[in-house]
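Read the figures in this text as sums done on the coordinates, not as results from a lab. Since the model is a prediction, treat every value here as computed from it, not as a measurement. Heads up, the Cβs are rebuilt from the backbone with ideal geometry, glycines too, and the neighbour counts pull from every protein chain shown.
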Amino acid sequence: MQKGPEADDETGRLVESEAVSWWSWRPGARPVRAFLFGGLLSLLALFLLTNAVATLIAGALDSASAPLRVQGIVGGHSKDTLGSPQLTIHLTRPGFPESITLVVAHATSTALANGTPVVIDYAPHQRTPYALESNGQRYLLPGTSVSGNLFETLALSLFGLLLLPYPLLTSIWGWRDLRTRQNCQRTGYIVALRAARQSTTRTPGLVPRTTHTWHGIAIQTENASPGLAEPEILTFGVREDIYRVFKRGDHVQVTYSPHLRHLYTVTKI
């Protein structure tokens, strides 16, 4: 069947394929999968942020509090995997482990022989050791402080802040699509198709090189959405068998979820 003049005029007004932007905030995932996966990542980010805030508060309280002093006896000398000296100390206070192993400076390891009585200074809220005392001499433990490791705490906070927004937004989109149960239907013309090959780098002796091709279609809608002055271009990821059925200029109808833009059906008109 031949196209009429109106169809030719409509097809002639299609945008150029090069003008289509394939990047989108909308992940195109199924609502259930997006809600669950985004929710799990959001919970992980909230856990990291809560842990970082609690550590900062505990560090501030420990800086203004007297140390928790626990008596012990040096029971042995050793070295960790990096070659740093360690002391094994047997504790005598109930509620604490019978022995602990602490990384110390070389001077501390030399000064404290086996059998030497020591007092371990603990941060009272974080319950982390940061210094040793013996015969009126105080030995700070390397890499520790009464307020905790501020750099690690800030890095944990930053990671949580970077991880939270998009998974949370994806989870909200998934929940709204599941709750409304009202899918969008639009008609328009296919203005571009794309097959992008994605390969993984092979690691010798471990994982073979794999190749995956992502297929997508871009549709220029016939009518503008509410709040938009002009028709928009919608992009969707599709299976290969669907990708091979269509060509540029086809008049189609699509059904998709309103927030995640997950494509349910695409049919020719």
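On full extension of the chain, what length is gained from Ile100 through Tyr166, given 0.36 nm per residue of separation minus the C-alpha to C-alpha distance?
19.6 nm
Would you mind telling me which residue in Val254, Val74, Val146 has the biggest mean-square fluctuation in a Gaussian network model of the chain, where springs connect alpha carbons within a distance under 10 angstrom?
Among Val254, Val74, Val146, the largest mean-square fluctuation in the Gaussian network model of the chain belongs to Val74.
Under the rule of -39500 (n - 2.57) per DSSP H run of 4 or more residues, summed and divided by the residues of the chain, what mean residue ellipticity at 222 nm is obtained, to the nearest 500 deg cm²/dmol?
Roughly -9500 deg cm²/dmol at 222 nm, from the helical runs in the chain.
Most exposed first by the Cβ proxy, i.e. fewest other Cβ within 10 Å, how do Arg239, Arg176 rank?
Ascending number of Cβ neighbours within 10 Å: Arg239, Arg176.
Run the Debye formula on the Cα coordinates of the chain, all scatterers equal and no solvent, and tell me log10 I(q)/I(0) at q = 0.08 1/Å.
Values returned for q = 0.08 Å⁻¹ are -0.61.
In a Debye calculation with equal point scatterers on the alpha-carbon sites of the range 68-141 and no solvent, what is log10 I(q)/I(0) at q = 0.11, 0.12, 0.13, 0.18 Å⁻¹?
Calculated log10 I(q)/I(0) at the listed q: -0.23, -0.28, -0.33, -0.64.
Can you tell me which of 163-169, 84-90 comes out highest on packing, and rank the rest after it, using the mean Cβ neighbours within 10 Å?
Ranking, from highest mean packing down: 84-90, 163-169.
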